[in-house]
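What follows is a single structure, written as structure tokens, with notes after it.
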Amino acid sequence: MKNILITGGAGFIGSHVVRLFVNKYPEYRTVNLDKLTYAGNLENLKDVEGAPNYTFVKADICDFETVLNIFRTYGIDGVLHLAAESHVDRSIKDPFTFARTNVMGTLSLLQAAKECWKGNYSEKLFYHISTDEVYGALQFDETLFTEETKYSPHSPYSASKAGSDHFVRAFHDTYGLPVIITNCSNNYGPYQFPEKLIPLFINNIRSNKPLPVYGKGENVRDWLYVVDHARAIDIIFHRGKIGETYNIGGFNEWKNIDLIKVIIKTVDKLLSRAEGESEKLITYVTDRAGHDLRYAIDSSKLKNELGWQPSLQFEEGIEKTVKWYLENQQWLDSVTSGAYQEYYEEYYGLKDKK
Ligand code: NAD
Ligand code: DAU
């Protein structure tokens, strides 16, 4: 049996990765380590929580002794590290938390892997899930980010992710730790916390609340359906080359305002409102500080070397996503009210261990 540690498995992308591993690999034990911050929600994993090959451990990745103990207790031989503070706006208000979790937390996991594996690296892997934001911002006429693009992070979030990537590489170069890093573009899909653009706007449209568009809405992001990201992670975890970086993206660039109009059109259609009715909710607000103009990923290396490409067309993915949020209004209500944390602390008997 392989013992796989997935950090941040109660979050948005992590929950899709946990689900995929638990269902696809009954021969592995999947250990989900998550602190359950505001972004962690065990309700995302209701369908796998009783599986015999799944274990949840509530812990903070920054707590080195606890992390080391988890490595030893479960004989961890593969790490998929997703736990992080992930929202750029929060990083602008509170950079310390981002440096702590993203940099020190990653360092704590690396050090635990190194101490536990003791130089015996056969069949071992430390895989860090990172972001395209470490590359900085593109102008409209620039070519896409490749694996060779120099790091140039601008926000406290991307600076902290760049710092964590550098530590991962340093552990490979200095101690020979077997590592892989992937840098992915913007994800969308079910279970995303409604502070991020797509779920926030779906939620606001359904409740007839203003849609806060930063600046002129001209910034560009490259969108990928989260299940396609999880599929890429699975392929890279099993067949990626040690020491390599892979970019993951959908070749799917959208100007924010155009994307917002697609979301409005889709929600209006599914709620049987007149076409474009909710465009009146668009409200231009002060721009995000240091707002990166454009991200766009060249994922040809991953396609050419490992055969991965997105399976879903964007229009299909957006329709699926909007439908999911509208059909799961209880999930949205529970995360916006904060009720989800109470319920699961009770369920897992975690209340006293806070
Ligand atoms: P998320 O915010 O939805 O989830 C993060 C998870 O990490 C939560 O479950 C949270 O409880 C957990 N966590 C936070 N601090 C922790 C700590 N100290 N110890 C243990 N657990 C902790 O994030 P996401 O959007 O799913 O992103 C997952 C990873 O993928 C992150 O590393 C992020 O940088 C990266 N990424 C995200 C995107 C995207 O579009 N969302 C794109 C590229 C890369
Ligand atoms: O590129 C990958 C990154 O994508 C990940 O590493 C991050 O974890 C993830 O949060 C995401 O970062 P962004 O800042 O691009 O995502 P966000 O959903 O916050 O914003 C998307 C775009 O929409 C961005 O240009 C800012 C804009 N925006 C966002 C919000 C929340 C608005 O105009 N209004 C909003 O209310």
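Restricted to the range 236-256, and to residues there that are among the aliphatic types (A, V, I, L, M) and either closer than 12 Å to residue 222 by Cα or open to solvent by 20 Å² or more (accessible area, probe 1.4 Å) (or both), the residue that is nearest to ligand 1 (Cβ to nearest atom) is 248. Restricting attention to the range 228-260, the residues being acidic (Asp, Glu) and either under 19 Å from residue 14 (Cβ atoms) or part of a strand (DSSP E or B) (or both) number 3.
Could you pull out the residue among 133, 142, 147 that is part of a loop (DSSP other than H, G, I, E, B), surrounded by 16 or more Cβ atoms within 10 Å (Cβ to Cβ) and of a type in the set (Asp, Glu)?
Working: 133 fails: part of a loop (DSSP other than H, G, I, E, B); 142 fails: surrounded by 16 or more Cβ atoms within 10 Å (Cβ to Cβ).
Result of the check over 133, 142, 147: 147.
Here is a yes/no grid of residues against (1) within 16 Å of ligand 2 (Cβ to nearest atom); (2) of a type in the set (Val, Ile, Thr); (3) modelled with pLDDT under 95:
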residue	(1), (2), (3)
84	yes, no, no
96	no, no, no
107	no, no, no
129	yes, yes, no
141	no, no, no
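Scanning the range 56-101 for residues that are within 15 Å of ligand 1 (Cβ to nearest atom), open to solvent by 30 Å² or more (accessible area, probe 1.4 Å) and of a type in the set (Ser, Thr, Tyr) yields 66, 86, 97. When residue 307 is tested against the conditions (1) surrounded by 16 or more Cβ atoms within 10 Å (Cβ to Cβ); (2) under 27 Å from the mean Cα position of the chain (by Cα), the lone failure is (1).
Give the range 53-94 a look and list any residue that's polar (S, T, N, Q) and part of a helix (DSSP H, G or I), or say none.
66, 69, 73, 91
Scanning the range 19-36 for residues that are polar (S, T, N, Q) and either farther than 21 Å from residue 328 by Cβ or open to solvent by less than 30 Å² (accessible area, probe 1.4 Å) (or both) returns 30, 32.
For every residue, the table says whether it meets (1) part of a loop (DSSP other than H, G, I, E, B); (2) near ligand 1 (Cβ under 9 Å from one of its atoms); (3) touching a helix residue (DSSP H, G or I) at 6+ places or on another chain (Cβ under 7 Å).
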{"site": "9", "(1), (2), (3)": "yes, yes, yes"}
{"site": "13", "(1), (2), (3)": "no, yes, yes"}
{"site": "20", "(1), (2), (3)": "no, no, yes"}
{"site": "23", "(1), (2), (3)": "no, no, no"}
{"site": "30", "(1), (2), (3)": "no, no, yes"}
{"site": "38", "(1), (2), (3)": "yes, yes, no"}
{"site": "48", "(1), (2), (3)": "yes, no, yes"}
{"site": "51", "(1), (2), (3)": "yes, no, yes"}
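Just wondering, is there one or more residues in the range 159-174 that are part of a loop (DSSP other than H, G, I, E, B) and within 16 Å of ligand 1 (Cβ to nearest atom)? Within the range 159-174 (the criterion being part of a loop (DSSP other than H, G, I, E, B) and within 16 Å of ligand 1 (Cβ to nearest atom)), the answer is no, since none of the residues qualifies.
For the range 303-340, the set of residues classified as part of a loop (DSSP other than H, G, I, E, B), farther than 23 Å from residue 253 by Cβ and modelled with pLDDT under 95 consists of 338 only.
The values are calculated or read from the model by the stated rules, or taken from the named source; none is laboratory data. Computed from a predicted structure; not experimentally measured. For neighbour counting, all protein chains shown are included, and Cβ atoms are generated from backbone atoms with ideal geometry for every residue, glycine included. For the accessible areas, the whole protein counts, side chains as well, though only heavy atoms, and no ligand, DNA or RNA atoms are used. Shrake-Rupley method; radii C 1.70, N 1.55, O 1.52, S 1.80 Å.
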